[in-house]
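What follows is one structure encoded as structure tokens, with my remarks underneath.
The values are calculated or read from the model by the stated rules, or taken from the named source; none is laboratory data. Remember, it's a predicted structure, so these values are computed and weren't measured experimentally. Cβ placement follows ideal geometry from the backbone for every residue including glycine, while neighbour counts extend to all protein chains displayed.
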Amino acid sequence: MRFKYSLFVFLFFGIIFNSYSQQTTPVNLLAKMRNEGFQNSRAMEMLSQLTDVYGQRLNGSHEYFAAANWISNKMKDIGLQNVHFEKYCPDCRGWSLVSFNLEMTAPNYMHISGYPLAYTKSSNGTVSGELVHIESYEDMDEVKCQFAGNLKGKVILLGKEPSIKSLSEPLTTRFSEKELTKMEEKLIAEIKQTPIPELIKLWDIEDFEDDEFLRFAEAEGGLAVLETRPMHLGILHPNGTYYYKMNDLKPLPYFTIMPEHLIQYHF
């Protein structure tokens, strides 16, 4: 009986010791991780490099490659192995911005605040032309009927007059406790969430919906396209095109401008 009792005690203490070891090891590791993060963190330094030094990093651009090289060297410095680049898009093309300028010269001078959309072509040096307004390209048959033969040497202002969003009003709204409680009681969300497969199919259409219009504008001799987005006044929000494959369309010079510059044209 004594032998069996001793054996039981030995096993019992062994289980306790093993369990204690399993609990303390993660605790120690987490403590080291927290200490490294709070005391020796270089996150802000790295973030500053990526945002302040390397700036925009469009896929396929020189800026992207420079940033990728910097990140790869940092990975090697901290001891990571087998750091290397892999090609994932053999038919993608690059695009980098060198310089640009937009000006209105008549009836009076004004510098236009704008930004070129990615993957669009350069102009043939300095070009100038009269402005033509096309409200929408949704009905391309109507656009072709109205503007065929009328776009040569013209700059196209695209889009409807944006609604004025003044900065004199608060940009955000704080909900009351009563309003938040009422929202929680709703069983069905007001905004329908589109399933990812449907969303991807939708993007395949939306990303290239301006293809026919841009081909028509260039074939008719248009010089450039200016558009805006319904943002608050004074906010420039450039978008981009999705013509990044080698065989995709290379759109004519295409710019996003501030909303008030398009409003001024309508006035």
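Which residue out of Leu80, Leu50 is farther than 21 Å from Tyr254 by Cβ, surrounded by 10 or more Cβ atoms within 10 Å (Cβ to Cβ) and in contact with a helix residue (DSSP H, G or I) (Cβ under 8 Å, 6 or more places away or on another chain)?
None of the other options fit; the residue is Leu50.
Could you pull out the residue among Thr228, Thr194, Thr181 that is farther than 22 Å from Ala148 by Cβ and either of a type in the set (Phe, Trp, Tyr) or surrounded by 14 or more Cβ atoms within 10 Å (Cβ to Cβ) (or both)?
Result of the check over Thr228, Thr194, Thr181: Thr228.
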Task: Cross-chain or 6+ apart pairs with Cβ under 6 Å, the range 107-132 first and closer than 14 Å to Leu157 by Cβ and in contact (Cβ under 8 Å) with a residue 40 or more places away in the chain, then surrounded by 11 or more Cβ atoms within 10 Å (Cβ to Cβ) and aromatic (Phe, Trp, Tyr) - done: Gly114/Phe255
Task: Members of the range 241-261 that are farther than 14 Å from Ala224 by Cβ and touching a Lys or Arg at 6+ places or on another chain (Cβ under 9 Å) - done: Tyr243, Tyr244, Lys245, Met246, Asp248, Leu249, Pro259
Task: Ser41, sole failed condition from (1) surrounded by 10 or more Cβ atoms within 10 Å (Cβ to Cβ); (2) part of a loop (DSSP other than H, G, I, E, B); (3) modelled with pLDDT of 90 or more - done: (3)
Task: Candidate set: the range 99-136, residues that are over 17 Å from His261 (Cβ atoms) and hydrophobic (A, V, I, L, M, F, W, C); chosen: the one surrounded by the most Cβ atoms within 10 Å (Cβ to Cβ) - done: Ala118
Task: Close pairs (7 angstrom Cβ cut-off, 6 or more residues apart or separate chains): within 11 Å of Ser96 (Cβ to Cβ) in the range 45-64, exposed (fewer than 14 other Cβ atoms within 10 Å of the Cβ) anywhere - done: Gly60/Gly94; Ser61/Gly94; Ser61/Ser96; His62/Ser96; Glu63/Gly55; Glu63/Gln56; Glu63/Ser96
TODO: Tell me, yes or no, whether the range 63-71 has at least one residue that is at pLDDT 85 or above, of a type in the set (A, V, I, L, M), out of contact with any Lys or Arg (no Cβ under 9 Å at 6 or more places or on another chain) and loosely packed, with under 10 Cβ neighbours inside 10 Å.
DONE: no
